[in-house]
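The values are calculated or read from the model by the stated rules, or taken from the named source; none is laboratory data. Every value quoted in this text rests on a predicted model; they were computed, and no experiment measured them. Reconstructed Cβ throughout: ideal geometry from the backbone, glycine too, with neighbour counts over all protein chains shown. Areas reflect the complete protein model, heavy atoms only, side chains present, ligands, DNA and RNA absent. Shrake-Rupley method; radii C 1.70, N 1.55, O 1.52, S 1.80 Å.
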Amino acid sequence: MAEILDGKQLARTIRTELKEKVAELKSSGITPGLALLLVGDNPASQVYVRSKAKACAEVGIFSIVEKRPAETTQEEVLELIARWNADPRIHGILVQLPLPAHIDEQAVLLAIDPRKDVDGFHPENMGRLVEGLPGFVPCTPAGIIEILRRYNISTVGKHAVVLGRSNIVGKPIANLLYQKSAYANATVTICHTATQDLAQYTRSADILIVAAGRPQLITGDYVREGVVVIDVGINRIEDPSAPKGYRLVGDVDFDSVAPKAAAITPVPGGVGPMTIAMLLTNTLRAATGEAFSVRQFD
Ligand code: NAD
């Protein structure tokens, strides 16, 4: 049976480490600050923003949560971002996505000062990531590398197969994994909806990263013995026996894949908790100025 890559426990360890580092920075007169913007009343977004602010408080990061109604205009959002860009107490800015349809998401992300872009979604940070320059790495991909790193799973020379090409997971993790660094240096294949004979690729993976948003898409038939599986997916499926009437599953069918895998992340409790831990890490890196001078995974 596979080793379980326990993201929940790892995230706890990282938060404890961050608490000490934040205290150290505070004693030198700098309190890291994160500004969070939530527009509208999407229930999932409300939960995410609340847990991000709570996580900040736990490690001693100062945070501002600005909640605006769904009818807020794009100009108002841009004004707020301009104010935070200029505010020296704010080191990181996070706009919770998705934004209401009348607001141009790209225009908003472009307005964030790349040096405060702790989500790493600004094209400048994506460009830095591709070029192997210091910058902000998006939180979920950073969490994946951190899991591999802390569990001593070597990626060097391995075949990493990434399933998914989104800007927030698939593209950045694929671009991280081929970088010339001790925590990457893999040969990378990217699969997506137009990929033919998906199993041909997934079966040749030493490391399989699945971010497709399709519940239990990857079953035991898709993997070979000894694979390391990182399941990014978070999907709700109906389950009348569960208290809430649903349960969370990944993009990987854990029961058929785990017996063949060397290691696997569970859902929940795998990649999910690492995402917030890396947001805190990025905010600290913004406050120290390290984000643009030291590569996160070298
Ligand atoms: P997305 O829908 O933007 O992208 C999914 C990608 O998967 C697409 O690029 C598509 O080409 C590919 N894909 C979909 N079905 C496929 C198939 N049958 N075969 C091959 N490729 C296929 O999703 P996303 O934002 O990248 O998120 C992916 C999953 O990860 C979702 O379940 C999401 O909820 C989850 N997620 C989790 C975290 C976390 O913190 N753990 C963070 C972000 C996203």
Cβ pairs under 6 Å, 6+ apart, first in the range 113-142 and among the charged types (D, E, K, R), second open to solvent by less than 20 Å² (accessible area, probe 1.4 Å) and outside any helix (DSSP H, G or I): Lys116/Gly92; Lys116/Ile93; Asp117/Phe136; Asp119/Leu94; Arg128/Gly135
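To keep it simple, each residue is scored yes or no on (1) open to solvent by 10 Å² or more (accessible area, probe 1.4 Å); (2) at pLDDT 95 or above.
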site	(1), (2)
Met1	yes, no
Gly7	no, yes
Leu38	no, yes
Ala44	yes, no
Glu76	yes, yes
Asn85	yes, yes
Ile90	no, yes
Leu109	yes, yes
Conditions (1) away from the ligand (no atom under 16 Å from the Cβ); (2) surrounded by 22 or more Cβ atoms within 10 Å (Cβ to Cβ): number failed by Ala277: (1)
Which strands (runs of 3 or more DSSP E) does the range 122-234 wholly contain that include 1 or more residues that are more than 11 Å from the ligand (Cβ to nearest atom) and open to solvent by less than 10 Å² (accessible area, probe 1.4 Å)? 159-163, 207-210, 228-231
Condition first: in contact (Cβ under 8 Å) with a residue 60 or more places away in the chain and open to solvent by 20 Å² or more (accessible area, probe 1.4 Å). Can you find one or more residues in the range 235-254 that meet it? no
By residue number, the members of the range 192-228 that are hydrophobic (A, V, I, L, M, F, W, C) and either over 19 Å from Tyr178 (Cβ atoms) or more than 19 Å from the chain's Cα centre (by Cα) (or both) are Ala194, Leu198, Ala199, Ala205, Ala212, Leu217, Ile218, Val223, Val227
Can you tell me which condition Val252 does not meet? The list is (1) of a type in the set (A, V, I, L, M, F, W, C); (2) modelled with pLDDT of 95 or more; (3) within 28 Å of Leu133 (Cβ to Cβ), and all the others hold. (3)
